[in-house]
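Asker: My questions will all concern the structure given below.
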Amino acid sequence: MTSQQIRQQFLDFFESKQHKIVHSAPVVPFDDPTLLFTNAGMNQFKDVFLGTGTRQYNRAADTQKCIRVSGKHNDLEEVGHDTYHHTFFEMLGNWSFGDYYKTEAITWAWELLTEVWKMPKERLFATVYRTDDESFELWKTKTDINPAHILRFDEKDNFWEMGETGPCGPCSEIHINLTDDYDNPKYVNAGTPECIEIWNLVFIQYNRDENGKLHDLPSKHVDTGMGFERVCAVMQQKSSNYDTDVFMPLINCISEISDVAYEKEEHKIPMRVIADHIRTLTFAIADGAVPGNDGRGYVLRRILRRASRYGRKLNMKEPFLFSLVDVLVETMSDVFPEIKEKQEYVKKIIKSEEESFNRTLDRGIELFETIVSDLKAKNETVIHGEDAFKLYDTFGFPVDLTNVMAREIGFSVDENSFNELMNQQKERGREATKDKFASVNVNFNDLSLFNLESDTQTEFTGYSDFSSQAKIIGLKKEEKEDFIILDKTPFYVESGGQVGDTGIIDINGNELKVVDVTKVENRIVHMVEFNIDVSLTIGDNVLVSIDETRRWDIMRNHSVTHFLHAAMRKILGTHVHQAGSLVAPDKLRFDFSHFAKVSEEELRDIEILVNEQLRRNIPLTHHLSIPFDEAKKMGALMFFGDKYGDKVNVVQFGDFSMEFCGGTHVKNSSQIGLFKILSESSIASGVRRIEAVTGTGVEKYIEEQEVKILKSELRVNELIDEKKKLEKELAELKLKEKLGGIDSIVSNPNDAGGIKIYKGKVAASNMDELKSFGDELRNKIKSGIGLLASEIEGKVGLVCVVSDDLIKEKKFSAGKIVGEVAKILGGAGGGRPHLATAGGKDVTKIDEALKQVDEIVKGL
């Protein structure tokens, strides 16, 4: 049977049992910020199990796209190395929502496996939870399974939980033993590849409370999951999932483009890993994820880079992953048409990522090999955290990729040290963004310092008011500042990219300037400049007012980010997601996920669309403090990793934009005025940045442009061009003069075993100049090896060149030769066969190193 037939028979079987056949949920669960990826069939029914949602049907079945690469369900390290783990897989499942229960679930599972698919009964085992006598008896009395094949296991294998609290229950797994010793139960749950679980029947009958106690649920549910790829291997009598028709079209294509045979054992793991990873990448990107630097984006980047590096094992150095998308579309788009709809888009993103990583991959591999070589010389096998961090920070090697490379040669990585360095880098980032409160020696988490008069929390009135009558409920006095907590305030605390408000607190006609605000346990602390003429006491009534002009500019800039986000998703694609922002009074900065530079035409289209929408006079609908689930049902845009409480705010501008947002906004789109993009740039791989202005910011921008036009005189540009031309000519003359010294080296070669050696010292200003010397030398010699040395900024620069005939006939490599010479000088280096550079530390040994070139060549 083909995989298509197996999948269809499963769905047809449960449709005949009155199940609603539902579509797979996206593999990117944008409506569930607690998940990186959809990792089980039950994810789309989570609300039903939690009792917060319902369906129009009480029986369902589907094939669900799943990705497991992190957390509790992380199969990444096993992929390709064993025969049955994958990062992407299909989960065939059937569900009952308060309808049928254990009897039907067990008997139907047995019927499908043994009567429809004709699996050998003598090879099947059923496991149950150790105290689940009901399931044990049902297997024994309702099926003809060998009673000795019904086994009991504990919580680790046969009890399912959604989390530490909530719905849970026992499960019954079905295993198939494909060993010759097929009647022996010892292989079940023993990690034997020939005896694997193929179906898990979960019986959700309890609710676990915060104390760990189990309570019966009013409605009992069934949630089953079958590994599609595993069943295909069983049905097609293959010892590996990768040998089925699910994977072989991909593997055959990899074999064809790499010109490497899959049958060779050393090629199997790389091909399996690549075939697995391209499935994950294609489905995730088609469903809206994009490779990036954090969250699910970084998971995809890690997977893509692992696959690229495994491609090197098959001698593939040019981008190739993107070309495999076509094969996947051809074999799977009949079931998942979304990958065909997004085919070209997915290929474009993958190719862009491959090209970006390829620029550093080979240099990273060279550094890795140098690190390993140094460790071997010291009889060490653990790669230091500093080296792993350098590979990550400089060459983009995820630590798990370094781990893979290390394990292949029997090494390991000091991940604890690596993680410490990662945390230090994050801390430096946090230090760089600390606000005014960070410079004050006050523990703002210790509310006792403020002498609070009650448990009153601060009411934020800033969504509708710019000023409020308030009462001081907490006070802390310092030498240069006072810190005031009020029972109500319109001051917005910096959050979600929007900067905090400034303004004044008026007490009996005396004004205190508020320079910053922060929040501590739902109380807003106002930092005010000390005023010797003002006496403050807890209980005082005050008038607190924000700087209205500044707030209006902030609100314009914040509201327009929502229009900008919506416009980019319409023009660039729904993969665009906010990756950060700054909303200030004078400008806005919007970071977003995107795989390529936004073209001038696209920027113009985005700008035009935003301004068209602003002119529509769209009113703000501000949904304040509504239930989280209600906001999800409204379709509000939310983001993985953001933390949402039980109550949330949703900002909606007509049918154009609706997002979760706690910031402050204009009441109508026309209040924003004009929108102007100032710049678009890259801030990280896969993350772009737009800077823009609105309202008064646009007016200021126009004024600046007018001033520039008035000041720009043609003569200024002519002088600049003339200066650049003269500087270029001068640099060329200087270099030409220096290159003249090459002739004396060319005219006086040494002979090393019949090979001409051209060597000497030159005066290069930098490594680029030294490379030019190398190119000049290579052009002037017909056959031979050249090595030039130069003192550059207190260190030694080396360049080696090899003529084409020696590369072809003698297999000489400039990289190898220059690396050996560099060792004499206390350095290292390498590169391409025809030209390579290196560096050294000891300038006093240049002459000695040049003398040894002949012997090094003879030795090679």
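The values are calculated or read from the model by the stated rules, or taken from the named source; none is laboratory data. In this text the structure is predicted, and so the values were computed from the model without any measurement. Glycine gets a Cβ as well: all are built from the backbone with ideal geometry, and neighbour counts include every protein chain shown. Protein only, heavy atoms only, side chains kept; ligands, DNA and RNA dropped before computing areas. Shrake-Rupley method; radii C 1.70, N 1.55, O 1.52, S 1.80 Å.
Asker: Mind telling me which of the residues Thr561, Thr574, Thr549 ends up being more than 18 Å from Lys477 (Cβ to Cβ), of a type in the set (S, T, N, Q) and surrounded by 21 or more Cβ atoms within 10 Å (Cβ to Cβ)?
Answerer: Only one candidate qualifies: Thr561.
Asker: Which number in (1) open to solvent by less than 40 Å² (accessible area, probe 1.4 Å); (2) in contact with a strand residue (DSSP E or B) (Cβ under 9 Å, 6 or more places away or on another chain); (3) in a loop (DSSP other than H, G, I, E, B) marks the one condition that Tyr262 misses?
Answerer: Tyr262 satisfies all of (1) open to solvent by less than 40 Å² (accessible area, probe 1.4 Å); (2) in contact with a strand residue (DSSP E or B) (Cβ under 9 Å, 6 or more places away or on another chain); (3) in a loop (DSSP other than H, G, I, E, B) except (2).
Asker: So, one more: Let me confirm something: among Leu449, Leu475, which residue is of a type in the set (A, V, I, L, M), outside any loop (DSSP other than H, G, I, E, B) and in contact with a helix residue (DSSP H, G or I) (Cβ under 7 Å, 6 or more places away or on another chain)? Give the derivation first.
Answerer: Working: Leu449 fails: in contact with a helix residue (DSSP H, G or I) (Cβ under 7 Å, 6 or more places away or on another chain).
That would be Leu475, the only listed residue that is of a type in the set (A, V, I, L, M), outside any loop (DSSP other than H, G, I, E, B) and in contact with a helix residue (DSSP H, G or I) (Cβ under 7 Å, 6 or more places away or on another chain).
Here is a yes/no grid of residues against (1) of a type in the set (A, V, I, L, M, F, W, C); (2) touching a Leu at 6+ places or on another chain (Cβ under 7 Å); (3) closer than 21 Å to Ala40 by Cβ; (4) modelled with pLDDT under 95:
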site: Asn211; (1), (2), (3), (4): no, no, no, yes
site: Pro218; (1), (2), (3), (4): no, no, no, yes
site: Val231; (1), (2), (3), (4): yes, no, yes, no
site: Met235; (1), (2), (3), (4): yes, no, no, no
site: Leu250; (1), (2), (3), (4): yes, yes, no, no
site: Leu300; (1), (2), (3), (4): yes, yes, yes, yes
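Asker: Just checking, which of Glu173, Glu164 is touching a strand residue (DSSP E or B) at 6+ places or on another chain (Cβ under 6 Å), among the acidic types (Asp, Glu) and open to solvent by 10 Å² or more (accessible area, probe 1.4 Å)? Full working, then the answer.
Answerer: Values: Glu164 fails: touching a strand residue (DSSP E or B) at 6+ places or on another chain (Cβ under 6 Å).
One residue alone meets the criteria, Glu173.
Asker: Identify all residues within segment 156-178 that are acidic (Asp, Glu) and either within 30 Å of Met235 (Cα to Cα) or in contact (Cβ under 8 Å) with a residue 60 or more places away in the chain (or both); write none if there are none. Explain how you work it out, then say what you get.
Answerer: If we filter segment 156-178 for residues that are acidic (Asp, Glu), which is where we start, we get 157, 161, 164, 173.
Result: Asp157, Glu173.
Asker: Then there is this: Has segment 360-379 got any residue that is outside any helix (DSSP H, G or I) and without any contact (Cβ under 8 Å) to a residue 12 or more places away in the chain?
Answerer: Residues of segment 360-379 that are outside any helix (DSSP H, G or I), as a first pass: 378-379.
Subsequent filtering for residues that are without any contact (Cβ under 8 Å) to a residue 12 or more places away in the chain retains 378-379.
Checked segment 360-379: at least one residue is outside any helix (DSSP H, G or I) and without any contact (Cβ under 8 Å) to a residue 12 or more places away in the chain.
Asker: In contact with a strand residue (DSSP E or B) (Cβ under 6 Å, 6 or more places away or on another chain) and of a type in the set (S, T, N, Q): is that true of Ser495 in this structure?
Answerer: no
Asker: Go over the candidates Gly539, Gly580, Gly573 one by one and state the one that is closer than 24 Å to Val650 by Cβ and in a loop (DSSP other than H, G, I, E, B).
Answerer: On the way: Gly539 fails: closer than 24 Å to Val650 by Cβ; Gly580 fails: in a loop (DSSP other than H, G, I, E, B).
From the options Gly539, Gly580, Gly573, the qualifying one is Gly573.
Asker: Quick check on Asn177: is it touching a Pro at 6+ places or on another chain (Cβ under 9 Å) and of a type outside the set (Val, Ile, Thr)? Talk me through it step by step, then tell me what you get.
Answerer: Details: touching a Pro at 6+ places or on another chain (Cβ under 9 Å): yes; of a type outside the set (Val, Ile, Thr): yes.
When the stated conditions are applied, Asn177 passes them.
Asker: What are the residues in segment 128-146 that are open to solvent by 70 Å² or more (accessible area, probe 1.4 Å) and more than 21 Å from Gln205 (Cβ to Cβ), if any? Please lay out each step first, then the result.
Answerer: The initial filter retains those residues of segment 128-146 that are open to solvent by 70 Å² or more (accessible area, probe 1.4 Å), namely 130-131, 133-134, 137, 140-142, 144.
The one that is open to solvent by 70 Å² or more (accessible area, probe 1.4 Å) and more than 21 Å from Gln205 (Cβ to Cβ): Asp144.
Asker: For segment 46-83, name all the residues that are open to solvent by 40 Å² or more (accessible area, probe 1.4 Å), among the β-branched types (Val, Ile, Thr) and at pLDDT 85 or above.
Answerer: Taking segment 46-83 and keeping what is open to solvent by 40 Å² or more (accessible area, probe 1.4 Å), we get 46-47, 50-52, 54-59, 68, 70-74, 77-78, 81.
Going one step further and asking which of them are among the β-branched types (Val, Ile, Thr), we end up with 52, 54.
Thr54 - this is the single residue of segment 46-83 that is open to solvent by 40 Å² or more (accessible area, probe 1.4 Å), among the β-branched types (Val, Ile, Thr) and at pLDDT 85 or above.
Asker: Moving on. For segment 601-633, which positions are among the charged types (D, E, K, R), over 16 Å from Met658 (Cβ atoms) and either part of a helix (DSSP H, G or I) or open to solvent by less than 20 Å² (accessible area, probe 1.4 Å) (or both)? I'd like the intermediate steps shown before the answer.
Answerer: First, the residues of segment 601-633 that are among the charged types (D, E, K, R): 601-602, 604-605, 607, 612, 615-616, 629-630, 632-633.
From what is left, the residues that are over 16 Å from Met658 (Cβ atoms) are 601-602, 604-605, 607, 612, 615.
If the condition is that a residue be among the charged types (D, E, K, R), over 16 Å from Met658 (Cβ atoms) and either part of a helix (DSSP H, G or I) or open to solvent by less than 20 Å² (accessible area, probe 1.4 Å) (or both), then Glu601, Glu602, Arg604, Asp605, Glu607, Glu612 are the ones that fit.
Asker: From the list Thr107, Thr103, Thr127, Thr141, pick out the single residue that is more than 20 Å from Met226 (Cα to Cα) and polar (S, T, N, Q).
Answerer: Thr141
Asker: Collect the residues in segment 326-375 that are of a type in the set (Asp, Glu), buried (at least 17 other Cβ atoms within 10 Å of the Cβ) and out of contact with any Ser or Thr (no Cβ under 7 Å at 6 or more places or on another chain), keeping them in residue-number order. Even if it seems obvious, please write down each step before you answer.
Answerer: Kept after step one, since they are of a type in the set (Asp, Glu), are these residues of segment 326-375: 326, 330, 334, 338, 341, 344, 353-355, 362, 366, 369, 374.
Then keep just the ones that are buried (at least 17 other Cβ atoms within 10 Å of the Cβ); that gives 338, 353-354, 366.
Matches in segment 326-375: Glu338, Glu353, Glu366.
Asker: Then there's this: Show me the helices (runs of 4 or more DSSP H) found entirely inside segment 647-763 where at least 2 residues are farther than 30 Å from Glu809 by Cα, modelled with pLDDT of 80 or more and open to solvent by 40 Å² or more (accessible area, probe 1.4 Å).
Answerer: Working: elements: 696-711, 714-739, 742-746.
Helices (runs of 4 or more DSSP H) meeting the threshold: 696-711, 714-739.
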